[in-house]
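To start, the structure under review is shown below, and the notes come after it.
Please treat every number below as a calculation from the coordinates, not as lab data. These figures come from a predicted structure and were not determined experimentally. Glycine also receives a Cβ, built like all others from the backbone with ideal geometry; neighbour counts cover every protein chain displayed.
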Amino acid sequence: MRHRQLTSFLFSFYSARLMEAIRYTQGVGIFSVAFRAESLYSRCKVDATTGKVVGTTSRWFKNKDNYAMDMAGFCVNSELVRGKHARFRQDSPPGKIEHMFLQQLVEDVSEMEPLLNNCTLIYSWHVKTKAGNPPKPKDKWDPAWKQIQPGV
């Protein structure tokens, strides 16, 4: 019998606290994710008065649409995926696989559920990024970055 070398591994690290929040997701949950590169993160923007998601922000993704987020920054209730027959599409352009998947599940980002204190806590870390030079923030002390707190 031949032994196979283990070739699979996780690209992201998730805290147990995030797993607890995910358990109660009814549809599409969204949360902040940090990247290895300095000061890079992806998060949702939440309207303080309504508590609804109004968009996303990400320095890593070049597309500026409302679904610009990393796959490590959202979760989906499996019943919703089955009910809508949503699939990750192989013909998705680079950087749009998440966008095209999420569009099958929600018509607007306001339908997403902001997790972890309205996306202000980070309990998800992307530990592998593309080779090359990631985009650098214009201002290391970006006000939006100050709102994000690393989870412990």
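Given H placed 1.01 Å from N in the peptide plane, which residues other than close sequence neighbours of Gly55 have an amide H under 5 Å from its amide H?
Amide H neighbours of Gly55: Lys45.
With label points built 7 Å along Cα→Cβ from the Cα atoms of Asp47 and Asn117, find their separation and express it in nm.
Between Asp47 and Asn117, the simple spin-label model gives 2.4 nm.
Enumerate the amide H contacts of Leu105 below 5 Å, restricted to partners 5 or more residues apart or on another chain; note that Pro and chain-start residues carry no placed amide H.
none
Skipping prolines and chain starts, which residues have an amide H placed within reach, meaning under 5 Å, of the one on Ile122, given they are 5 or more residues away or on another chain?
Long-range HN contacts for Ile122: Gln149, Gly151.
For Glu107 and Arg17, what is the calculated FRET efficiency with R₀ set at 41 Å and r taken between the beta-carbons, to the nearest 0.05?
Details: r = 30 Å, r/R0 = 0.73.
E between Glu107 and Arg17, to the nearest 0.05, is 0.85.
Sorted by packing (mean other beta-carbon atoms within 10 Å per residue), highest first, where do 18-30, 90-102 land? Before the final figure, lay out each step's value.
On the way: 18-30: 16.4, 90-102: 14.1.
Most protected by this proxy first, the peptides run 18-30, 90-102.
How far apart, in nm, are two points set 7 Å out from the Cα along the Cα-to-Cβ line at Tyr24 and at Arg87?
3.5 nm
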